[in-house]
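Inspection log for the structure reproduced underneath, given as structure tokens.
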Amino acid sequence: MPTYYKTIMEYITFNIALIGDEGVGKSTLLHRHSNGNFKKTYDQTHNFDFHVLKFKTNYPCIVEFTIQDYGGSNENINCEKVDAVIAMFDVTSETTFDNLEYWIGQIPSDKPLIICGNKCDLPNRRVFGKQIREGLKPQMFNTFYYDISAKSNYNYDKPFLKICQILMSKHDLLFVSSDLEGINNSHPPTPDSEDYKRDQINQLVMNAETVLETIYPLIKSLRKDMNRIKQFLKE
């Protein structure tokens, strides 16, 4: 459960696990949030690192994330005590997407899961929307997906924002700029922006496909029962 404590404002702390293959950009995303710079060189994370990110919100609180950044070669993943999980793959590498099945298998089913396709700014994309929707159907009832780019900042705060909205049950919560030292200045797309609309449409499509996959067998079964009843009445 999240930890609450008081200082000048209300602080809300969440523990997050960040998982995925080597080289997909997990540490780069955190580095981008921490100091605003894009790290061009790749430094492999061995075992795991801890990071702390803070966001001021449009509510009277500051959200602090304690993030366990697991290295891509780490086989000792423990997500039992975290509040939510971010799983990342590289949209230019189908292998990293295929390996999500392994990573997601390490996560308790009751944990909110945010899946991120990083490097969407690159021209050599290999994993696209339909493939992503098909691959994520088994997890969709507790899962959200975002294209992100740690390099261009596209959607780079969306995973953390969605976690806050879910865990705090405040779907109008936003991250806002702050003059407080050490607080990230983050500006999500506004509801009337094209990026926001595209993200909402993609999420709606994924949710609708999942619902249809679930109810279609029920409809077929109901039709069979109706046919049996009609046949019985004729006799």
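The values are calculated or read from the model by the stated rules, or taken from the named source; none is laboratory data. All figures in this text were calculated on a predicted structure; none of them were measured in a lab. Ideal geometry is used to build each Cβ from the backbone, glycine not excepted, and the neighbour counts take in all protein chains shown.
Annotations
- Some residue of segment 184-202 being at pLDDT 80 or above, out of contact with any Cys (no Cβ under 9 Å at 6 or more places or on another chain) and part of a helix (DSSP H, G or I): no
- If you check 22, 10 for being of a type in the set (Asp, Glu), closer than 19 Å to residue 104 by Cβ, at pLDDT below 90 and surrounded by fewer than 20 Cβ atoms within 10 Å (Cβ to Cβ), only one passes: 22.
- Of all residues in segment 130-151 being modelled with pLDDT of 80 or more and not aromatic (Phe, Trp, Tyr), the one that is nearest to residue 83 (Cα to Cα): 143
- Any hit, segment 116-123, residues being within 19 Å of residue 66 (Cα to Cα) and in the same structural domain as residue 59 (by TED's automatic domain parsing): yes
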